[in-house]
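Student: Please see the structure below; I have some questions.
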Amino acid sequence: MAQWYESNRRLFREEREALASACPLLRLAVVAPGFRINSACRLRRESAVVHGMYSLHVPDSDREIEYGVVLELQGNYPNRPPEMFCNDPKLPIGNIDRHIMSDGRACLAVHAEIGRRWPPGSTIIDYLDNLVAPFLAWQAYYDEYQKPPPWGEHSHGAQGIIEYYANLLGRSTDCSVVGFMRLLARKNRPKGHEPCPCNSGKRLRNCHRDLLYDIRQRVAWQDAAHDLTILVRADSSK
Ligand SMILES: [Zn+2]
C-alpha cells in the first residue's frame, strides 16, 4: 500500500510549508529505514517524520527551553495521529514518572483523549499545539522545579485510563467504569433494554442511557476499544 506522502503529495507539501513557517526548528521529511529516532530505537521502515527542536516558555518563568522531538507520521496519516518520541538528554527514556516509555515514546494521554484533541484529519500544527505543547510544558516545569507541576498530571497505564473514563462518566473509579467502557467500545449503539452497567438493576433506557449516548458522541468507539484492550491486557498480566 502506498504511504500517505506518496498518495497525497499535496498534503505533504502543505504540511511541510505550514510547519516551516510556524516552527522553523522542526522539519518534515521522508527518512530511510534505520533512521535514529533516539538513543533507544530506530525506524524499521521508510516513514515520514517531523524532527528537530520544539521550543517553549518554561511555565511560571521568563525562560525559554528547547526539547528534541521526533514525530512519526504513520502510513495512514492523517486518519491516525502521529506518534511522539523524545530525543533529548533532558527527557529520560524509560522514566515512567515522567510519562516516557522504554523506547522514548511519549505517553501523551489516554487514547480517547488523543482522539478528542486530535480528531482524524487534523494537522501537524494541531498535534503540536494540542498534545506536544502541554506534554513539554509539563516536562519543562519538572526540569525547572524538580517536581511535577500542580496541574495536568494523569496516572499511568490502566489506572490512568480508569480515571479518565470515570471522570467522563462523573463517577468514582469503581468497577462499573469498565462496564460502561464495554458499551462505549461497541461499534453499534447499545439498546435501551440492555441492563445498565451501573449495577442499579435497571434497564439502560430507565437509567444511564442519555449519559452513555452523550459520551459516545464525543469518544469514537475505536478509541474506547483501544483503551479497553490496554485495560484487559494490564489485568491479565497481573
Ligand atoms: Zn445506570
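The values are calculated or read from the model by the stated rules, or taken from the named source; none is laboratory data. What you see is a predicted model, and the numbers here were worked out from it, not measured in a lab. A quick note on method: Cβ atoms are made from the backbone with ideal geometry, for glycine too, and the neighbour counts reach across all protein chains shown.
Student: From the list 136, 212, 168, which one is among the hydrophobic types (A, V, I, L, M, F, W, C), part of a helix (DSSP H, G or I) and closer than 30 Å to residue 13 by Cβ?
Tutor: Only one candidate passes the filter, namely 136.
Student: Here is a follow-up. Taking residue 221 and the conditions (1) surrounded by 14 or more Cβ atoms within 10 Å (Cβ to Cβ); (2) farther than 23 Å from residue 120 by Cβ; (3) more than 16 Å from the ligand (Cβ to nearest atom), which numbered condition does it fall short on, given that it satisfies the others?
Tutor: Failed condition: (2).
Student: Of the numbered conditions (1) at pLDDT below 85; (2) within 13 Å of the ligand (Cβ to nearest atom), residue 212 satisfies every one except a single condition; which is it?
Tutor: Against the list (1) at pLDDT below 85; (2) within 13 Å of the ligand (Cβ to nearest atom), residue 212 comes up short only on (1).
Student: Here's another thing I want to ask about it. Against the definition (at pLDDT 95 or above and of a type in the set (A, V, I, L, M)), how does residue 168 come out, yes or no?
Tutor: No; evaluated as a whole, the condition is false for this residue.
Student: Sort through 54, 5, 77 and tell me the only one that's buried (at least 20 other Cβ atoms within 10 Å of the Cβ), more than 20 Å from the chain's Cα centre (by Cα) and either more than 29 Å from residue 159 (Cα to Cα) or touching a residue at least 60 places away in the same chain (Cβ under 8 Å) (or both).
Tutor: Answer to the check: 5.
Student: Can you report the number of residues in the stretch 153-177 which are within 12 Å of residue 231 (Cβ to Cβ), within 14 Å of the ligand (Cβ to nearest atom) and surrounded by 14 or more Cβ atoms within 10 Å (Cβ to Cβ)?
Tutor: 1
Student: Taking the conditions exactly as written (within 16 Å of the ligand (Cβ to nearest atom), in contact with a Ser or Thr (Cβ under 7 Å, 6 or more places away or on another chain) and either farther than 30 Å from residue 68 by Cα or charged (D, E, K, R) (or both)), does residue 190 satisfy them or not?
Tutor: Considered against the rule, which asks whether it is within 16 Å of the ligand (Cβ to nearest atom), in contact with a Ser or Thr (Cβ under 7 Å, 6 or more places away or on another chain) and either farther than 30 Å from residue 68 by Cα or charged (D, E, K, R) (or both), residue 190 comes out as no.
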